[in-house]
Amino acid sequence: MNGKPMIDVQRLLQRITDFAAIGATRAGGVNRQALSPEDRAARRLLVELAFARGFRVYQDDVANLFIRREGRDPSLAPVLIGSHLDSQPTGGRFDGALGTLSAFEVLETLQDAGAVTERAIEVVSWTNEEGSRFFPGCMGSMVFVGAGDLSNWRETRGADGARLGDELAATLSALPEAEVRPAGHSVSAFVEVHIEQGPVLEREEIPIGVVTGVQGTKWLEVSFVGEAAHAGTTPLEFRKDPMAAAAEAIVRLQEAIMPADPLARLTVGRMAVEPSSINVIPSRVTLTVDIRHPEEDALASIEARVEAECRSAAARHLSDVYIEKRFDMAPGKFDAAVVAAIENACEGLGVASMRMVSGAFHDALFLSRVAPTAMIFVPCRGGISHNEAEFVADENIEIGARILFETTIALAGDKASRGL
C-alpha cells in the first residue's frame, strides 16, 4: 500500500479465534444466539477492546452496539461499518463475526497510524441478525431504520421460551458503561463485509464480490386440506388426498421455476402432516414455500405461479387449499457510489472482483433504506454457511479487510489531505 497504514492480519485472525471461543461447539462452530449469555460475553469482549484503544462506545435501545472513532468534523454523519456477532445454534465462526471484527480492525489500523479522517467512523454490531432464537431476524437494523417496532416484539418468546424483553434488558444492563441512546441516527454510508454463503466466488477464483443488491423474499404457508380415511380400504376415486396434492404441486414448481430462470430460487423447507399415521390418508398437509428473486416483477410472477399450481393440484385431488403470506421483503438495490468505491479499492490494490446480488438478506438491506450502502463478499469454502464446517481462508480474510479499509477511508474523507 506504498507506506499507507496496513491492517494487521495476524491481529485480525487472533480476534476471530478469540471470539470463536465464546459459544464454541465441539465440531468447531459457534452457538452464540442473540441476547444469550454467550452473545453478551462477545459484546463485553468487543467493548473491552474498544475502551483499551480509546474509542467511544454506546448502544441503542434494541442493543445495537456502536464503537466510534472521531473524525476531524464531529458534525458530519459518520461512516458506519460492521455486521453482527450472533449466530445460528450450530453456526460457523465467520458469519457476521468476520464483518464486525474486520470493521474493528479498520479502526485499530487508523489508531495505530494516528490517521485523521474527515468523518467519524463507527463500527456496529447489529442485534439479532440471524433470527434463530427470536423472530424476526435483522431485528436491530429494522428498528434502527424504522422498519420494525420494538414494542411489538418485547413479548416475543424465543425458541427456548425466554421473553425477548427480559433478555434485551439483561443484555443492555450487562454493559453499564455504554450509554443507551434511542435507535436511529444519521449515517453517511454503510459498508458490510460478509462471507458469500454461496459457491460462486470460490468457483470463479475471485476473492471479492461487490454486492449490488439483495434479492427479494416471500415466505408462503400452504395448507392442503382433504379428508382422513383408511389407507387400505379407500379406492382412488373416493380419496380426498392432500398429500398427493402437495406432492404434485411441489414437483410442478420445482420443474417450472428455477430451470426457467437462473436468478429464481424456490425452496419447500418445512412440512407438517396430520394425523401423521402410516395407515391413514392425511386430512391436512401444511408446507412452507420460500421464493426469491432480485427483480420485484419476477418475484410477483413466481408467487402467482406458486398459488396457481397449488390450487390446480388441490382441485385434481379433491382437496381445498389455503395460502397465507408469512413474510414479504422487496428486493433491495445498493448505492452506485458506494459500489464504485469498493470497486475502486479493488482496482487500486490490484484485486480481482465481480459484481453479484446477495441471495440471503442482511442488515445492509435495511440500512440501504436510509443511507448509501453496499456489501463486500469474500469466498467461503464450498459455499457452506450456517454450518459448523464454515471456513474462510486467511488470505481471503486479509483481502476483505484491506478492501474494507480502503473503501472506508475513501468514504470518510479526503485521503490526500489527511495523510492516508
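The values are calculated or read from the model by the stated rules, or taken from the named source; none is laboratory data. Since the structure is predicted, the reported quantities are computational estimates derived from the model, not experimental observations. A quick note on method: Cβ atoms are made from the backbone with ideal geometry, for glycine too, and the neighbour counts reach across all protein chains shown.
The table below lists the values:
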quantity	calculated
Boolean, Leu164 is buried (at least 17 other Cβ atoms within 10 Å of the Cβ), touching a Gly at 6+ places or on another chain (Cβ under 9 Å), of a type outside the set (D, E, K, R) and in the same structural domain as Ser87 (by TED's automatic domain parsing)	yes
Among (1) surrounded by fewer than 15 Cβ atoms within 10 Å (Cβ to Cβ); (2) more than 30 Å from Thr90 (Cα to Cα) - the single one Glu395 does not satisfy	(2)
Exclusive hit being closer than 28 Å to Asn387 by Cβ, in a loop (DSSP other than H, G, I, E, B) and touching a helix residue (DSSP H, G or I) at 6+ places or on another chain (Cβ under 9 Å), set Leu45, Leu35, Leu49	Leu35
Hey, Val143 outside the structural domain of Arg402 (by TED's automatic domain parsing) and farther than 30 Å from Ser353 by Cα or not	no
Residue match in the range 66-74 (condition: in the same structural domain as Ser186 (by TED's automatic domain parsing), surrounded by fewer than 22 Cβ atoms within 10 Å (Cβ to Cβ) and in contact with a helix residue (DSSP H, G or I) (Cβ under 8 Å, 6 or more places away or on another chain))	yes
Any pair with Cβ under 8 angstrom, 6 or more apart, that starts in the range 91-108 at a residue that is on the phi > 0 side of the Ramachandran plot and in the same structural domain as Ala20 (by TED's automatic domain parsing) and ends at one that is in a helix (DSSP H, G or I) and among the aliphatic types (A, V, I, L, M)	none
Candidates Ala42, Ala63, Ala20, filtered to the one that is under 24 Å from the mean Cα position of the chain (by Cα), at positive phi and either at pLDDT 95 or above or not assigned by TED's automatic domain parsing to the domain that holds Met375 (or both)	Ala63
The range 173-187, residues that are buried (at least 19 other Cβ atoms within 10 Å of the Cβ) and under 22 Å from the mean Cα position of the chain (by Cα)	Ala183, Val187
Selected residue (only one of Val200, Val222, Val191, Val268 is touching a helix residue (DSSP H, G or I) at 6+ places or on another chain (Cβ under 7 Å) and either surrounded by fewer than 14 Cβ atoms within 10 Å (Cβ to Cβ) or assigned by TED's automatic domain parsing to the domain that holds Arg68 (or both))	Val191
Selection status of Leu287, among the hydrophobic types (A, V, I, L, M, F, W, C), surrounded by fewer than 16 Cβ atoms within 10 Å (Cβ to Cβ), touching a residue at least 40 places away in the same chain (Cβ under 8 Å) and closer than 27 Å to Val214 by Cβ	no
